[in-house]
Amino acid sequence: MGQNRPTREQAYGLLTKYNKSDSLIMHALAVEAVMLHFADILGEPEKDKWSIIGLLHDVDYEMYPEQHCLKAREILRQHDWPEDYIHAIESHGWGICCNVEPIHRMEKILFTIDELTGLVAATVLVRPSKSILDLELKSVKKKWKQKSFAAGVNREVIEQGAKMLDLELDYIIRETIKGMQNTAESIGLKGDL
C-alpha cells in the first residue's frame with residue numbers, strides 16, 4: 001500500500017478476512033456509519049478516513065480477543081497501512097486493553113461511540129418495533145440507568161470520552177442514533193418499520 005491512502009474496499013476485505021461473525025461485522029458497520037455521521041456534522045474534510053477507521057477498529061477482535069488492539073498494529077503493519085490509521089484504531093482501547101491514548105478528535109469520537117453503539121443496538125432489540133428508525137434519546141437514557149441492561153457496555157468509557165470531547169452525553173447519544181439510522185438495514189436494526 002505504501003504511502004497511498006487505504007480504500008474502504010481494502011478495509012472491508014481485511015475486516016472480513018479476520019472476522020467471520022455476523023454480529024462483529026454488523027458492529028463494525030454501525031461504528032463506521034456513526035464515525036461518518038460525526039465527520040459530516042463536524043465538517044471534517046477526511047470523511048473517508050473516519051469511515052475506514054470506524055469500519056476496521058475491531059479488525060483483530062474475533063481472532064485475538066486477549067490481544068485486542070495490540071494485534072491490530074501487527075495486522076495493519078503487515079498490510080502496509082499508514083501509521084495514523086494504526087494509531088487511531090489502537091487508541092479506541094485506551095485504558096481498556098492498551099495504553100495508546102486517543103489524541104485527535106476522530107480518535108476521541110471512536111473511543112466514545114464504540115461502546116455506545118452496543119448499548120443503542122441492545123436498546124433497539126428490546127423494543128416492540130425492533131427498529132432503530134423510531135428510537136429516541138429517552139429510551140437509550142432509560143436503559144443507560146439500568147446497569148444490568150447490556151451489562152457488558154462500559155458506560156464509564158462513554159462518559160470519559162464525552163468529557164475528553166467536551167460534548168454533552170445526550171448530544172453524543174442522539175447523534176450516534178442518527179448515524180446508526182443511516183445504515184439501519186445493513187446492521188440488522190430496521191425492524192418492522
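Readers should treat all values here as calculations from the given coordinates under stated rules, not as data from a laboratory. None of the values given here were measured: they were computed from a predicted structure. Quick reminder, even Gly has a Cβ in these numbers, built from the backbone with ideal geometry, and neighbours come from all protein chains shown.
Sorting 27, 92 on the 10 Å Cβ count, fewest up front, what's the list?
On the way: 27 20, 92 30.
Going from sparsest to densest Cβ surroundings: 27, 92.
Are there cysteines in the chain with no second cysteine's Cβ under 4.7 Å away, and if so, which?
97
Please give every one of the aspartates and glutamates within straight-line cross-link reach of residue 147, meaning a C-alpha to C-alpha distance under 12 Å, and leave out same-chain neighbours fewer than 8 residues apart.
Reachable aspartates and glutamates: 156.
About the Cα centre of the chain, what is the dipole size in debye to 20, counting +1 per Lys and Arg Cβ and -1 per Asp and Glu Cβ, all else neutral?
640 debye
For region 152-193 and region 49-65, what is the separation of their C-alpha centers, rounded to whole Å?
17 Å
Rounded, prolate or oblate: which fits region 8-181 when a ≥ b ≥ c are the square roots of the eigenvalues of the alpha-carbon gyration tensor, with rounded for a/c under 1.5 and prolate only if a/b beats b/c?
Since a/c reaches 1.5 and a/b is larger than b/c, the shape of region 8-181 is classed as prolate.
Using Cα positions and a limit of under 27 Å, work out the lysines in reach of residue 145, with same-chain residues fewer than 8 apart set aside.
Those lysines meeting the cut-off are 108, 130, 163, 178, 190.
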